[in-house]
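Report on the structure given below.
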Amino acid sequence: MRGIDKIYINGAFVTPHGEETADLFNPATEVKIGQVRLGDATDADAAVAAAKRAFPAFSRTTKAERIAFLKRLHAEVSARADELARAMVEEYGAPQYFVGFAVANAASVFLNMVETLEAYDFTRTIGRAKVEMRPHGVVVAITPWNSNYGFICTKLAMAIAAGCTIVLKPSEMSATQTQVLTECLHAAGLPAGVFNIVNGRGDVVGATLSSHPDVAKISFTGSTGVGRSILLAAAQTMKRVTLELGGKGPNVILEDADLDAAIPTALMTGFMNSGQACIAGTRILAPESRLPEILERLKTAVAAIKAGDPNEPGVQVGPMVSQKQYERVQGYIRLGLDEGADLLAGGEGRPAGLDRGWFVQPTIFSGVTNQMRIAREEIFGPVLCVIPYRDEAEWTCPEKVESFLLMKGDLDDETETVYGCVQGGGGWPCANERSDEAADRGGSWCWFLDADAMDGSAAGS
């Protein structure tokens, strides 16, 4: 069992002032695998102070110096890819296909930022004005548990490229992964205080950082409710805030869709990362004229999806990250039945053959209306809803489609599909599984739209 009793401040691993601890579990076995000591408000203050001290010198670094730092970060993360992968499987339960992507992506974001930085002009002329892009100050990045490495590395890479210093507050449930990654980042030898990492609870460390007067900007990825609280706290000192929040994205199957391509794509995007993904296409909007065929194909296809031990090859759906998340998803499955939806596949409880672990059956509801909570609220698990539509005007109506939207996919027989008619969110062309990562999707890679209250912005720091 591993004990994590250090946080990272001013270029060193230090014992936190905070004394609270949190247990760490393997979600596939429910076995306790470690314990992490959490930072507190005093530790958050110390991290900001270190970043503030480092900012004047780091903000004056040249483009070449920042590129060198990014390349060293890439090299150190790449060098421990196998160890990072093992930690992610043990602590998060991610299937092998997602682990392979996540670790490689965490390393590659530094090189991607090198390419961006090389082409970026910090001084430009607009009309008769000379505009100089300058580092903003101390940045805070608060990251979630569902892709720990990727979020930390992406936000760090952006801060380094911009010449900003940063304090990162990852999820305390990802402490093992964070420890290994922090060791990689430390080995890159950046100046002390440029990046600082504090494990801690959101309502303690996160709240302190969100309202800290010496923080210039916050980049947050997580739930909509927490995002609102961060926005309110940051407003008191007029911080810049970037929020990437909850999603309830649709996969729209058009009437001329090739179902041989559309059905596997809809299930892949819906169950990605075991359904614990803000960009997952958890609503399948299907034309009424082809609904019986689509439902039959979905039922057949989902039966072939393997859920289970993330160490086993071919597993597509692993466990939920925690018992709390497992119970949340089970509650939504019960809610769907109570609301009158029909269970096309899956249901309550674990998949057959599994008697332990926080596993959820890959579940699909049909007979779902847009008024049901399972159609409007982010479940964050392998639960999909099939919602029929009569014509294009119906599925492009924001009132019916866009309660929560980070990403939408349009599944049809051609790549030229309808985007402008849907308000909010980034479009992802999925016809025949073809897409272009360089295509504009309304922001850095997605938009957030909460029809009830908040219009946030794309991810990035």
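The values are calculated or read from the model by the stated rules, or taken from the named source; none is laboratory data. Quick caveat, the model's predicted, so the values are computed rather than measured. Glycine also receives a Cβ, built like all others from the backbone with ideal geometry; neighbour counts cover every protein chain displayed. Ligands, DNA and RNA are stripped out before the accessible areas are found, and what is left, the full protein with its side chains, is counted by its heavy atoms. Shrake-Rupley method; radii C 1.70, N 1.55, O 1.52, S 1.80 Å.
For the chain, with the dipole built from +1 on Lys and Arg beta-carbon atoms and -1 on Asp and Glu ones, taken about the Cα centre, which of THR369, TYR149, ALA41 lies farthest toward the positive end? It is ALA41. The chymotrypsin sites (Phe, Trp or Tyr not before Pro) of the range 53-156 that meet both conditions, a loop assignment by DSSP and at most 13 other Cβ atoms within 10 Å of the site Cβ, are TYR120, PHE122. When the P(r) is computed for the range 63-123, the part past 12 Å accounts for 68% of the Cα-Cα pairs. Give the lysines whose C-alpha is closer than 19 Å to that of LYS217, dropping any in the same chain fewer than 8 places away, or say none. Within the straight-line limit of under 19 Å, LYS217 reaches these lysines: LYS52, LYS155, LYS169, LYS239.
Quotient of the Cα radius of gyration of the range 32-175 and 2.2 N^0.38 Å, N being its number of residues: 1.19. In a DSSP loop and with at most 14 other Cβ atoms within 10 Å, the trypsin sites (Lys or Arg not before Pro) in the range 1-68 are ARG60. On the range 69-210, 54 percent of the accessible area sits on carbon and sulfur atoms, based on a 1.4 Å probe.
With both residues required to sit in the chain, DSSP beta bridges show an antiparallel share near 35%. P(r) tail for the chain: Cα pairs beyond 38 Å make up 24% of the total. Extending 7 Å from Cα along the Cβ direction at THR300 and again at LEU232 yields two label points whose distance is 5.1 nm. To the nearest ten degrees, helix 63-79 and the longest principal axis of the Cα atoms of the chain are 60 degrees apart. Positive-end ranking of GLY247, ILE230, PHE101 along the dipole of the chain, with charges on Cβ about the Cα centre, is headed by ILE230. Each Lys and Arg adds +1 at its Cβ and each Asp and Glu adds -1 at its Cβ; summed about the Cα centre, the chain shows a dipole of about 1920 debye. Mean silhouette area of the range 1-93, derived from the convex hull of its C-alpha atoms and averaged over all directions, reads 7.6 nm². By the rule of a C-alpha distance below 22 Å, with chain neighbours fewer than 8 residues away ignored, the lysines paired with LYS130 are LYS63.
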